[in-house]
Amino acid sequence: MRNIDLTEEEFNLIINYRKGKYNIDISDEEYNEIVSRRNGAIKTYVKYIENIEKLVDQDNEYISKEATKFLELANKLHNEELTLEEYRVTADIEYKGDDDDTLFKVRCLNYIKNAISIHYPN
Amino acid sequence: MSRVNVSSLVVNNRLKLPVLSTAQITALSPETGMMIYNSSNNKVEIYFNNKWNNAGADLLPVSAGGTGGAAAKDGSSSTNAATSAAAIKALKPSSTDGVYWIDLPGVGPKQVYCIMDSNYDGGGWMMALKATRGTTFSYGSSYWTSTNTLNEGSFNIQDGDAKFEVFNRFSAKDLLAVWPDLSANSGCFSVPRGHIWLENNFWQGGTKITLTSLFNTANETFIRDANNFCGIGQFSRQTDVRFYGFNYSNDQNLARVRWGFGWNENGGGLWPNGNQGSDDVAGGIGMTGTQQGQVNYSAGDFIGCCQNVSGFNRSARVEVYVR
């Protein structure tokens, strides 16, 4: 209920002030719960695509190129240009160098490829 | 030798015991309560607990300069096998790390590597299992749930795979893991040998249980939020599920661990509410994961993707002790 002594402008100022205050006051726990609920609604496939996209954006040229190719492959699966069986038998990404960071990221890409084949279409 | 049975023998002046050498004593058919003078070591000895005991030092407590009593089981031999490393530690607080004889239920005296160093949460630990980098003790291995053993003679802290009768027979209350090839002075307490996991009263608030029974019985036994475990230090993490405990299995058993962590980042928060459909990070002792690209580490840490903290991400050595 609006206090009769307040103008509408003053009333809205108080409401906005309170909204601002509540936004600041949200606890880490409340924030995490909201984010967690939102993440819970995301399909497993989508989270893996998001992680491939992160690898596409890498400075590492080899990883970026391989992640881009892999993203196209995953999109073909999603667009039904490729069956799940066809997707499963595609070759893993290979790396014969000895750079630890590249090796790790290649392993992540192959891991995601395998994980999508386990969970798709979820 | 003739034998005289009397109900009471009073000696008014002096009593001369039979004087025998160790070789002669060994040839006797001893009975509990016999007393002799051993001329080989100039000691009076009394026979009980199936052995000749020094009537001097062996009857004195440690605090008085004795050995803690002839009946004391100090783990120094098969005959003197103790009931546990903690019992030896209580008897002789200055005991050092090493191999002791422990009398285990069902199998009798066994040589066991023990940590007596008080810096290890007071000491008194017995080695139950050790794993080198590899797959011998992955989740599906029968070593976790059967009373088999492996390389029982390897009771030392050298790199290798071994499972001892301590794992199968000793009902324990406290659990310790030493990770020798991770960074030292880290984990639940600080010692130079590596990273440490410690879980006192690990089963139902302190109920004693053998490890074989534990891993046959535990069904996703959640101990606490993994982020609050003192041993989390060098391990990878994700934001949700955050299981820490025994016998974890995610949905469809795609990611499993005997003692360690379950992680995911698909929302839902803490176990059991967190989404466990696609666990992408694993860590602990006794790992297996199809979700994780056939990770079958005896122990270690694995990142598939999507971690928010990156750990050591490889197979690792571990030693498991009980008390």
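Observations on the model:
- Against the criterion of being of a type in the set (V, I, T), surrounded by 11 or more Cβ atoms within 10 Å (Cβ to Cβ) and farther than 21 Å from B:G267 by Cβ, A:T44 does not qualify.
- Matching option when the condition is open to solvent by 50 Å² or more (accessible area, probe 1.4 Å) and within 25 Å of B:V295 (Cα to Cα), among A:E80, A:E50: A:E50
- Any hit, segment B:136-158, residues being closer than 23 Å to B:Q234 by Cα and surrounded by fewer than 16 Cβ atoms within 10 Å (Cβ to Cβ): yes
- Considering residues of segment B:254-265 that are of a type outside the set (V, I, T) and closer than 17 Å to B:S142 by Cα only, the residue surrounded by the most Cβ atoms within 10 Å (Cβ to Cβ): B:W259
- Annotation note: Cβ proximity below 8 Å between a residue of segment B:142-162 that is without any contact (Cβ under 8 Å) to a residue 60 or more places away in the chain and over 19 Å from B:L211 (Cα atoms) and a residue that is part of a loop (DSSP other than H, G, I, E, B) and open to solvent by 50 Å² or more (accessible area, probe 1.4 Å) (sequence gap 6+ or interchain) occurs for B:G160/B:N151.
- Here is the figure for segment B:159-199: residues that are part of a loop (DSSP other than H, G, I, E, B) and within 14 Å of B:M126 (Cα to Cα) total 5.
- Residue in segment B:250-258 that is within 14 Å of chain A (Cβ to nearest Cβ), touching a strand residue (DSSP E or B) at 6+ places or on another chain (Cβ under 8 Å) and in a strand (DSSP E or B) present: yes
- Flag if B:K73 is of a type in the set (K, R), at pLDDT 95 or above, under 23 Å from B:A172 (Cα atoms) and under 32 Å from the mean Cα position of the chain (by Cα): no
- Condition broken by A:G97, with the remaining ones in (1) touching an Asp or Glu at 6+ places or on another chain (Cβ under 9 Å); (2) more than 22 Å from B:V281 (Cβ to Cβ) satisfied: (1)
- Out of B:G289, B:G283, sole residue that is within 21 Å of B:T132 (Cβ to Cβ) and within 11 Å of another protein chain (Cβ to nearest Cβ): B:G289
- Lone unmet requirement of (1) farther than 21 Å from A:S36 by Cα; (2) buried (at least 24 other Cβ atoms within 10 Å of the Cβ); (3) under 30 Å from the mean Cα position of the chain (by Cα) for B:T217: (2)
- Candidates are the residues of segment B:99-119 that are touching a Phe, Trp or Tyr at 6+ places or on another chain (Cβ under 7 Å) and closer than 20 Å to B:V191 by Cβ; the one that is surrounded by the fewest Cβ atoms within 10 Å (Cβ to Cβ) is B:V99.
- Some residue of segment B:124-131 being open to solvent by 30 Å² or more (accessible area, probe 1.4 Å), over 18 Å from B:G300 (Cα atoms), not assigned by TED's automatic domain parsing to the domain that holds B:A299 and not in a loop (DSSP other than H, G, I, E, B): no
- Set B:A23, B:A86, B:A57: member being at pLDDT 95 or above and of a type in the set (A, V, I, L, M): B:A86
- Residue within segment B:217-228 that is in a strand (DSSP E or B) and within 27 Å of B:K130 (Cβ to Cβ) present: yes
- Residue count for segment B:201-210, restricted to those that are surrounded by fewer than 18 Cβ atoms within 10 Å (Cβ to Cβ) and either in a strand (DSSP E or B) or on the phi < 0 side of the Ramachandran plot (or both): 2
- Taking the criterion of being acidic (D, E), at pLDDT below 95 and either part of a strand (DSSP E or B) or over 15 Å from A:R107 (Cα atoms) (or both), the only residue of segment B:271-323 that qualifies is B:D279.
- Taking the criterion of being of a type outside the set (A, V, I, L, M, F, W, C) and either in a helix (DSSP H, G or I) or at the interface with chain B (Cβ under 9 Å from one of its Cβ atoms) (or both), the residues of segment A:102-122 that qualify are A:T102, A:K105, A:R107, A:N110, A:Y111, A:K113, A:N114, A:S117, A:H119, A:N122.
- When each of B:F170, B:F215 is tested for being at pLDDT 95 or above, of a type in the set (A, V, I, L, M, F, W, C), farther than 30 Å from A:I118 by Cβ and not assigned by TED's automatic domain parsing to the domain that holds B:S298, the lone residue that passes is B:F170.
- Hits in segment B:175-200 (condition: surrounded by 15 or more Cβ atoms within 10 Å (Cβ to Cβ) and either modelled with pLDDT under 95 or among the polar types (S, T, N, Q) (or both)): B:S186
- Residue in segment A:89-100 that is closer than 23 Å to B:Q252 by Cα and open to solvent by 70 Å² or more (accessible area, probe 1.4 Å) present: yes
- Qualifying positions in segment B:272-314 - more than 29 Å from the chain's Cα centre (by Cα), closer than 16 Å to B:I232 by Cβ and surrounded by 24 or more Cβ atoms within 10 Å (Cβ to Cβ): B:I303
The values are calculated or read from the model by the stated rules, or taken from the named source; none is laboratory data. What you see is a predicted model; the values in this text were computed from it and never measured. Virtual Cβ from ideal backbone geometry, glycine too; neighbours counted across all protein chains shown. For accessibility, only protein heavy atoms count, side chains too; no ligands or nucleic acids. Shrake-Rupley method; radii C 1.70, N 1.55, O 1.52, S 1.80 Å.
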